[in-house]
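Engineer: Have a look at this one.
Nothing in this text is a laboratory measurement; each read-out follows from the coordinates by a stated rule. Predicted model, so just to flag it, every value in this text is computed and none were measured. Heads up, the Cβs are rebuilt from the backbone with ideal geometry, glycines too, and the neighbour counts pull from every protein chain shown.
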Amino acid sequence: MHRALSLVLLLVGLATPVLAQGTDEDRRARELYDNGALLYEEGRYEDAIQAWQEAYRISKKPLLLFNIANAQERIGQWRPALETLNRYRAFASADEREVLDRRMKNIERRVAELEVEEAERRKAEEAEAARLKEEGTSASTATPLVTVSTTSTTPAVTPLRGLGVGLLAGGLAGAGAGGGLYGAALSRRQDIEASCREAGGTLYCPQSAQALEAEEADLSLAGDVALIAGGAVAGTGLVLMIVDALTGSPRAVTVVPTPGGIAVAGRF
């Protein structure tokens, strides 16, 4: 994902729409754009989106859509970002459209991955609901067994119900978060590539590209950690579900976090 960049100081930043200063509305649109740019630099992307959306409502300047899409990508709003870029593409110049199309295809792939993850999560939730319903029906028809002890002071161990499914769902969610971090890293790479210009065999990039590269590296590392941890948790949940299905007996389970992930111990 990383490639060396020959960094040359160049004044390239957010897309700056030409906003007139004549009427009160024009001045307000310019003020909202400036506020959004400051919020974006501070990492307050949701607030920047609100400011730019209001500026666009007043001024109808298409470049504001480009900035809104950038902020939406930063916070993982992939579907809104794709819609906003589609709106901007109608106003883009011919030489911009090729870059825009590549960027939109990357976002479309991310949206497709999200849809698969959401479908898997719904399937796991439906399976858990069906299992709990079946357990409730079986419990209501079984003969209750009550044991009364007057000597023992040791509390009984209550088995954790649905632990396997819970760990599986949590692991999938963690892996999904890792995918989201990879998507954010991809967005940083796209920002770098979009801001750089090639001239005479040399790639010219803004000074801000250095910070973006550092963010990309951090996000990629965090994505690796989330995927590995999520996979470990999901695998543990799957093992417990298989044990449940094979034995059908209660178990006492302890889940302990460790520096390398989690440890599961208990009586099966």
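Engineer: Under a straight-distance cross-link criterion of Cα-Cα below 26 Å, which lysines are reachable from Lys133, leaving out those fewer than 8 residues away in the same chain?
Structural biologist: Result set, ordered by chain and number: Lys123.
Engineer: Please give the length that would be gained between Glu135 and Thr16 if that part of the chain were fully extended, namely 0.36 nm times their separation in residues minus their C-alpha to C-alpha distance (nm, one decimal).
Structural biologist: 36.8 nm
Engineer: How much FRET efficiency would the formula 1/(1 + (r/R0)^6) give for Asp95 and Glu117, where r is the Cβ-Cβ distance and R0 is 41 Å, rounded to 0.05? Write out the running numbers ahead of the final one.
Structural biologist: Details: r = 35 Å, r/R0 = 0.86.
That pair, Asp95 with Glu117, gives E of 0.70.
Engineer: Packing-wise, with mean Cβ within 10 Å as the measure, how do 84-90, 98-104, 117-123 rank, highest first?
Structural biologist: Packing proxy ranking, top to bottom: 84-90, 98-104, 117-123.
Engineer: While we're on this one: Taking a cut-off of 30 Å between Cα atoms, list the lysines near Lys60, but don't count ones fewer than 8 places away on the same chain.
Structural biologist: The reachable lysines, counting only those whose Cα sits under 30 Å from Lys60, are Lys105.
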